[in-house]
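These notes are about the structure you will find just below.
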Amino acid sequence: MAEGERQPPPDSSEETPPAAQNFVIPKKEIHTVPDMGKWKRSQVPVGTRAYADYIGFILTLNEGVKGKKLSFEYKVSEAVEKLLALLDTLDRWIDETPPVDQPSRFGNKAYRTWYAKLDEEAEGLVAAVVPAHLAAAVPEVAVYLKESVGNSTRIDYGTGHEAAFAAFLCCLCKIGVLRVDDQIAIVFKVFNRYLEVMRKLQKTYRMEPAGSQGVWGLDDFQFLPFIWGSSQLIDHPFLEPRHFVDEKAVNENHKDYMFLECILFITEMKTGPFAEHSNQLWNISAVPSWSKVNQGLIRMYKAE
């Protein structure tokens with residue numbers, strides 16, 4: 001399916017009523033590069049490809065936020081409010097679990113205490129979001145939530161954890177908790193709040209980047225807000241890709257656009273010339289239009 005082609009709504013692929021489906025606890029299936037082929041061909045109970053469902057979900061949201069500021073007015077459903085309350089709880093637990101004194105600068109071990117709390121409470125948190133008639137889905141969906149906040153052994157976080165949160169939201173769409181008219185709120189409210197909590201985790205516990213490609217990667221921690229954020233900026237009247245390396249343009253517009261918020265966070269966390277610490281992004285700033293940036297990032301996401 002072409003990048004620009006509109007995807008079906010996130011919850012339109014259901015063929016079996018959620019309550020009648022058999023839910024299973026997810027387990028890691030991708031261990032080697034050849035396993036990626038199995039993922040792309042993967043079958044789920046309703047007979048569609050899980051990979052296609054996931055990518056379709058990402059592209060549906062990409063289309064939904066196209067040309068819209070974060071301040072755009074949109075519907076906020078009860079389910080979205082409940083997800084925001086869940087994320088507020090994770091945020092509060094960070095405040096209640098301060099870093100400990102340790103010789104190592106990175107990977108503060110207090111993170112493991114924070115994560116243990118989530119590991120214990122995850123199903124209860126998800127149960128507060130999911131209606132009672134879908135309670136059978138909670139153990140399955142909760143796994144994606146737990147996988148979305150980093151690794152407690154390595155005390156690291158990366159785009160794989162971010163993908164787990166997107167899968168968590170995709171699951172909620174598949175079972176009908178989130179609906180078609182939640183699309184904008186999923187990105188602007190829920191995912192944006194998730195990013196705030198993850199950035200607080202990264203700064204508080206000095207988390208290492210997971211699977212970082214250094215200067216050859218797009219970003220140490222995130223990918224999706226660059227995709228959705230570039231979609232927001234398509235056809236902007238004056239902001240062009242070259243402007244995101246301009247400190248003044250970023251400072252004046254970051255509250256409206258996820259892409260610029262990501263750039264601001266990078267400049268807060270890293271020192272030195274932008275072209276050196278974020279070479280891939282520096283190269284992207286030379287692309288002539290946001291639509292081309294968006295299409296290129298989608299291709300990169302599929303490849304990586």
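The values are calculated or read from the model by the stated rules, or taken from the named source; none is laboratory data. No experiment lies behind these values; they were computed from the predicted model shown. Virtual Cβ from ideal backbone geometry, glycine too; neighbours counted across all protein chains shown. Surface accessibility is based on the protein's heavy atoms, side chains included, excluding ligands, DNA and RNA. Shrake-Rupley method; radii C 1.70, N 1.55, O 1.52, S 1.80 Å.
List of remarks:
Yes or no, residue by residue, for (1) modelled with pLDDT of 95 or more; (2) more than 27 Å from P225 (Cβ to Cβ); (3) open to solvent by less than 50 Å² (accessible area, probe 1.4 Å); (4) part of a loop (DSSP other than H, G, I, E, B):
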site: P99; (1), (2), (3), (4): yes, no, no, yes
site: R105; (1), (2), (3), (4): no, no, no, yes
site: N108; (1), (2), (3), (4): yes, no, yes, yes
site: V129; (1), (2), (3), (4): yes, no, yes, yes
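- For the range 118-129, the criterion of being in contact with a Phe, Trp or Tyr (Cβ under 6 Å, 6 or more places away or on another chain) and either on the phi < 0 side of the Ramachandran plot or not hydrophobic (A, V, I, L, M, F, W, C) (or both) is satisfied by no residue at all.
- Taking the numbered list (1) more than 19 Å from S152 (Cβ to Cβ); (2) open to solvent by less than 60 Å² (accessible area, probe 1.4 Å) in turn, S71 passes all entries but (2).
- Residue within the range 148-166 that is over 17 Å from G229 (Cβ atoms) and free of Cβ contacts under 8 Å to residues at least 40 places away in the same chain present: yes
- Filter pass, E121 being closer than 17 Å to V190 by Cβ and modelled with pLDDT of 95 or more: no
Residues are listed down the side, and each one gets a yes or a no for (1) at pLDDT below 95; (2) in contact with a strand residue (DSSP E or B) (Cβ under 8 Å, 6 or more places away or on another chain); (3) within 13 Å of Q183 (Cα to Cα); (4) in a helix (DSSP H, G or I):
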{"residue": "I30", "(1), (2), (3), (4)": "yes, no, no, no"}
{"residue": "W39", "(1), (2), (3), (4)": "yes, no, no, yes"}
{"residue": "P45", "(1), (2), (3), (4)": "yes, no, no, no"}
{"residue": "Y51", "(1), (2), (3), (4)": "yes, no, no, yes"}
{"residue": "I55", "(1), (2), (3), (4)": "yes, no, no, yes"}
{"residue": "I58", "(1), (2), (3), (4)": "no, no, yes, yes"}
{"residue": "K66", "(1), (2), (3), (4)": "no, no, yes, no"}
{"residue": "K69", "(1), (2), (3), (4)": "no, no, no, no"}
{"residue": "K75", "(1), (2), (3), (4)": "yes, no, yes, no"}
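- Subset of the range 99-117 [free of Cβ contacts under 8 Å to residues at least 60 places away in the same chain and out of contact with any helix residue (DSSP H, G or I) (no Cβ under 6 Å at 6 or more places or on another chain)]: D101, Q102, P103, S104, K109, R112, T113, Y115, A116
- Residue among F188, F221 that alone is modelled with pLDDT under 95 and crowded, with 23+ Cβ neighbours inside 10 Å: F221
- Criterion violated by K66 - all others in (1) more than 24 Å from Q232 (Cβ to Cβ); (2) open to solvent by 20 Å² or more (accessible area, probe 1.4 Å) satisfied: (1)
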